[in-house]
1. Among the candidates LYS154, LYS242, LYS225, single out the residue that is open to solvent by 80 Å² or more (accessible area, probe 1.4 Å), of a type in the set (Lys, Arg), assigned to a strand (DSSP E or B) and modelled with pLDDT of 75 or more.
2. Sort out which residues of the range 4-40 are modelled with pLDDT under 80, open to solvent by 40 Å² or more (accessible area, probe 1.4 Å) and not charged (D, E, K, R), and write them in order of number.
3. Answer with yes or no whether ILE212 is at pLDDT 75 or above and either open to solvent by less than 30 Å² (accessible area, probe 1.4 Å) or under 30 Å from THR16 (Cβ atoms) (or both).
4. Search the range 174-193 for residues being surrounded by fewer than 20 Cβ atoms within 10 Å (Cβ to Cβ) and of a type in the set (A, V, I, L, M), and hand back the single one that is modelled with the highest pLDDT.
5. What's the total number of residues in the range 194-203 that are open to solvent by 70 Å² or more (accessible area, probe 1.4 Å) and either hydroxyl-bearing (Ser, Thr, Tyr) or part of a loop (DSSP other than H, G, I, E, B) (or both)?
6. Suppose the filter is surrounded by 13 or more Cβ atoms within 10 Å (Cβ to Cβ), more than 30 Å from TYR204 (Cα to Cα) and in contact (Cβ under 8 Å) with a residue 40 or more places away in the chain; does GLY79 pass it?
7. I need a count of the residues in the range 157-173 that are modelled with pLDDT under 65 and not in a helix (DSSP H, G or I).
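The values are calculated or read from the model by the stated rules, or taken from the named source; none is laboratory data. Given the structure is predicted, the values throughout are model-derived calculations rather than measurements. Cβ placement follows ideal geometry from the backbone for every residue including glycine, while neighbour counts extend to all protein chains displayed. For the accessible areas, the whole protein counts, side chains as well, though only heavy atoms, and no ligand, DNA or RNA atoms are used. Shrake-Rupley method; radii C 1.70, N 1.55, O 1.52, S 1.80 Å.
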Amino acid sequence: MKSATQKIGFTNKYYTLWFLMEKTEFGEKWGYRKNVSMDIDKVKELYPDLEIDTELKGHKPIFFDTSEKINDYNKFRFGQYKGQLISECANYSYLKWYYHECAWESRPYIQEVLEEAGYQILSSFYYLDEDGEKECRRLTDNIYSPEEWENYLKKDREELETIKSLRKASSFEFIPESNLDDAGGYYDEESGTTYFFPEVKECYYSGYRYYIPVINGKGKRIKNKKIVVTEFETNPINRTVKIKSFKVA
């Protein structure tokens, strides 16, 4: 008998374990738990009673309607407006909720409606402790109304005045931490800044993807080493520094 509370999905190179987070009147919400293996036979051996569902992709929770599915991603596939065109919806609070619950393919249609109404969608990172031992960084999207965005920019400009690395300077120093985001940037928790190196190498360890910067043509670990940045560009809105040239002190 197949389990009704866990399933096997697929993320990057790995088959993954998912669990049923909650059931609502609209359907079921499934959450990513961990990578299992690249070998499907091993997965079936470890979890013989679990269904393999190829729709479970990525690391973020996924919502599925338990009734008839709609194939058009430009329409609401579940919920209050099921079957209606996303482009015709003016319920912005609902669109914000649906954006975080729907399939990735539906997001561009929601984003277009929200941005036309003056909303801003800003990517950011948060920490997620998946197994009690490893702390991983995940990407999420914050959605701001026009008023919220104006207040965000005002607050952000005030906070940026205290962050040394984002001031205009010929060079600055920082010590990168071990945690990397999914785009290859090093996050500095103290300043809230993410540093992106000119070139990075993608690596895998125990099913987790991470990046290391390329120095002299080879990927190098630089944890706890002082980096002197000599040329860079900053983006104050999302607190990122694009490094153009640097050296290890």
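1. LYS242
2. ALA4, ASN12, THR24, PHE26 - these are the residues of the range 4-40 that are modelled with pLDDT under 80, open to solvent by 40 Å² or more (accessible area, probe 1.4 Å) and not charged (D, E, K, R).
3. Judged against the criteria, ILE212 is a match.
4. So, considering only residues that are surrounded by fewer than 20 Cβ atoms within 10 Å (Cβ to Cβ) and of a type in the set (A, V, I, L, M), the one modelled with the highest pLDDT is ILE175.
5. The total comes to 2.
6. yes
7. Number of matching residues: 7.
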